[in-house]
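The next block holds one structure in the form of structure tokens; read it before the comments.
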There are 2 protein chains.
Amino acid sequence: MERMISIGLIQMSCSDDSEENHDKAVDHIREAASQGANIVCTQELYKSRYFCQTADSTMFNLAEKVDEGSSTVRQLSELATELGIVVIAGLFEKRAPGLYHNTAVVLDADGSYLGKYRKMHIPEDPLFYEKFYFAPGDLGYGVFSTKYGDLGVLICWDQWYPEAARLLAMNGAEMIFVPTAIGHTSLDNEPEGTQYHDAWQTVQRGHAVANAYYVACVNRVGFEENPEGKGGIDFWGQSFIADPYGKVVKKASEHDEEVLVCSLDLSKMDDVRVGWSFPFRDRRIDSYGGLTKRYLD
Amino acid sequence: MERMISIGLIQMSCSDDSEENHDKAVDHIREAASQGANIVCTQELYKSRYFCQTADSTMFNLAEKVDEGSSTVRQLSELATELGIVVIAGLFEKRAPGLYHNTAVVLDADGSYLGKYRKMHIPEDPLFYEKFYFAPGDLGYGVFSTKYGDLGVLICWDQWYPEAARLLAMNGAEMIFVPTAIGHTSLDNEPEGTQYHDAWQTVQRGHAVANAYYVACVNRVGFEENPEGKGGIDFWGQSFIADPYGKVVKKASEHDEEVLVCSLDLSKMDDVRVGWSFPFRDRRIDSYGGLTKRYLD
């Protein structure tokens, strides 16, 4: 039996003005809702440029409390209530003085605060200096039971780790949302064109298959210049939704802002999970202990 | 610095005659070697039809010892020595009276016996009654150090489990070989064409990305009738090799036997692993304990 819902992904560019970015996201969320979206998700850190291109302690001023009743959360909660939709939003969390996280908040369709996810896997690469800004998440891979289904959240770099994707499935996720900020940097040396981008899409499609759930990945778009004159990052856009067969069912453009709205049939999960007795029955849990090691040497 | 090797995958159909199947595989292995392959891998259970379409205890007569010096292993070892190539071959192992495994043996390029892998994840689906025949493997996810690189083996159903693919990477695999027997059954109800096949390819491409290694999957080809009149299985063929970016670099045909020979540059792994600091540095091993549970409810 079909279980149809609709989701909306907000792919946008950002300026230096947090309020402007927030207002734009709100406009796009309204647009998604007007197109019928029941669950809407922003990109990672949607209120700012991707400030991790440099390690600059003044950027900590961009962080804010992310709790029930904190300012942005309250505004998003009111929006969720007004539109009757679930909202997932990527924020820069100030948890305590000197303690920050890369976080996503989840609000139910009645505006109630369901909780937050803190990015577990933190990258550190040229122009992606996230280990300077973000302490690793400590809330695990929680699943949020919303009016429109049970969902998990991963944030960007998490998307490369099958362990995280699996743990969300084991916690009952029917779909996962992945707010992201990824693109080509001026420092990339990529002789073969789109292979990084393709790998990024492929690994997430792989999670969709391995766990027989939907994956919805929301990326930012546009070029953001490096403040230290080291070129910058050209974000890929191309937000996408993969179904439980790993098929990309909808994909946003490479260069433009876009409100990507897509219908999902959550019963497809059962087609795969019951039809293939997959993936839980045959997992060899007696043989997986090594996964909690760094390496097996 | 490039590290070029060449691999060969033997995609074939099988008859009821084990000797004929073996001889055909040997001919194809010779052909692969003559085309320059350094490592050659057969499909799963290459000496027989896919007998698991029914649960029939007379089929246990097809099983054989798979040990250093056992008959088929000795023949393959002589072949490896003669051709100077690594051979990986899928066999039906009789371990003890009433104890059988779905196994692959690995022989080094000097013919020496490096060991075997026993299929860890055993399916049980209409026309794939493997739990009747095969005890689950108990040798773990060992990596074999061969003259031409360090390789892991998974067998068919294992290919859907990211945990297995990751453990091989953590054991040092530079490439994995996946002897397989998969196709459409007459009982499949697949409204949307090739989605099962695509999912099968996608999940393995995902392993290649997540672990930054090569994946070489060897499938059988042709239609095998069900002995109980329940239609049969139309094996997909389409053996393929995915590079560490998850790109399919070579793929065999859907309906024909084929010796698929492909050059690999093993240094591509370093491009990804060093270039992206990926995947080991940032794994959140403190958060992966749940993977050893059946489900997290």
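The values are calculated or read from the model by the stated rules, or taken from the named source; none is laboratory data. Everything quoted here is computed from the prediction, not taken from an experiment. Because the Cβ atoms are built from the backbone with ideal geometry, glycine has one as well, and the counts that use them run over all protein chains shown. These area figures cover heavy atoms from the full protein model, side chains too; ligands, DNA and RNA do not enter into them. Shrake-Rupley method; radii C 1.70, N 1.55, O 1.52, S 1.80 Å.
Build a GNM of chain B with springs between Cα atoms under 10 Å apart, and of B:SER34, B:SER287, B:SER277 the one that fluctuates most is B:SER287. Rounded to the nearest 20 debye, the dipole magnitude of region A:75-181 is 220 debye, with +1 charges on Lys and Arg beta carbons, -1 on Asp and Glu beta carbons, and the Cα centre as origin.
The per residue volume of the convex hull around the alpha-carbon atoms of the protein assembly as shown is 140 Å³. Reducing region A:55-87 and region B:253-297 to their Cα centroids gives an inter-centroid distance of 36 Å. Using a probe of 1.4 angstrom and keeping all protein chains present, the accessible surface of region B:15-66 works out to 41 square angstrom per residue. Going from the chain on its own to the full set of protein chains, region B:243-275 has these residues losing 40 Å² or more of accessible surface (heavy atoms, 1.4 Å probe, no ligands, DNA or RNA): B:TYR245.
With charges only on Cβ, +1 for K and R and -1 for D and E, what is the dipole size of region A:87-126 about its Cα centre, in debye, rounded to 20?
Values: 5 positive and 5 negative charges, 33 e Å.
That gives region A:87-126 a dipole magnitude of about 160 debye.
Could you tell me which residue out of B:GLY140, B:HIS197, B:ASN21 lies farthest along the dipole of region B:4-277 toward its positive end? Charges go on the beta carbon: Lys and Arg +1, Asp and Glu -1, centred on the Cα centre. About the Cα centre, the residue reaching furthest to the positive side is B:GLY140.
All alpha carbon pair distances within chain B were sorted into 10 Å bins beginning at 0; the resulting P(r) in whole percents reads 6, 29, 37, 21, 6, 0. Chain A against chain B buries an accessible area of about 5500 Å², both chains summed, 1.4 Å probe radius.
A full extension of the chain between A:ILE285 and A:LEU99 corresponds to an added length of 63.4 nm, given 0.36 nm per residue minus the alpha carbon distance.
Summing -39500 (n - 2.57) over the DSSP H runs of n ≥ 4 in chain B and dividing by its residue number, what mean residue ellipticity at 222 nm do you reach, to the nearest 500 deg cm²/dmol? Kindly include the intermediate steps, with their values, before the conclusion.
Working: 6 runs with 68 residues, N = 297.
When only DSSP H runs of four or more count, the value is -7000 deg cm²/dmol.
For region B:4-277, with all protein chains in place and a probe radius of 1.4 Å, 47% of the accessible heavy-atom surface sits on carbon or sulfur.
Which values, in whole Å and largest first, are the semi-axes of the equivalent ellipsoid of region B:124-180 obtained as the square root of 5 times each eigenvalue of the Cα gyration tensor?
Numbers: eigenvalues 117, 23, 22 Å².
Equivalent-ellipsoid dimensions as semi-axes: 24, 11, 10 Å.
Relative contact order of chain B: what whole-number percent is it, with Cα pairs under 8 angstrom and at least 6 residues apart?
20
Computed from the C-beta positions of B:SER253 and A:VAL249, the FRET efficiency with R₀ = 35 Å rounds to 0.80.
Mind giving me the FRET efficiency for B:ASP138 and B:SER57? R0 is 22 Å, r the Cβ-Cβ distance, nearest 0.05 is fine.
Values: r = 22 Å, r/R0 = 1.01.
Once rounded, the FRET efficiency stands at 0.50.
Relative to the Cα centre, what is the charge dipole magnitude of region B:4-277, using +1 at the beta carbon of each Lys and Arg, -1 at the beta carbon of each Asp and Glu, and rounding to the nearest 20 debye? Write out the running numbers ahead of the final one.
Details: 22 positive and 41 negative charges, 154 e Å.
With only Lys, Arg, Asp and Glu charged at Cβ, the dipole is about 740 debye.
Determine, from the Cβ-Cβ distance of B:ASP188 and B:SER263 and an R0 of 35 Å, the FRET efficiency 1/(1 + (r/R0)^6), rounded to the nearest 0.05.
Details: r = 35 Å, r/R0 = 1.01.
That gives a FRET efficiency of 0.50.
In the Gaussian network model of chain A, springs joining C-alpha atoms below 10 Å, which of A:LEU187, A:LEU167, A:LEU114 carries the largest mean-square fluctuation? It is A:LEU187.
Between A:ILE285, A:ILE176, A:ILE241, the residue with the greatest mean-square fluctuation in the GNM of chain A (Cα pairs under 10 Å linked by springs) is A:ILE285. Put simply, region A:68-159 fits an ellipsoid with semi-axes of 25, 15, 10 Å; these come from the alpha carbon gyration tensor as the roots of five times its eigenvalues, largest first.
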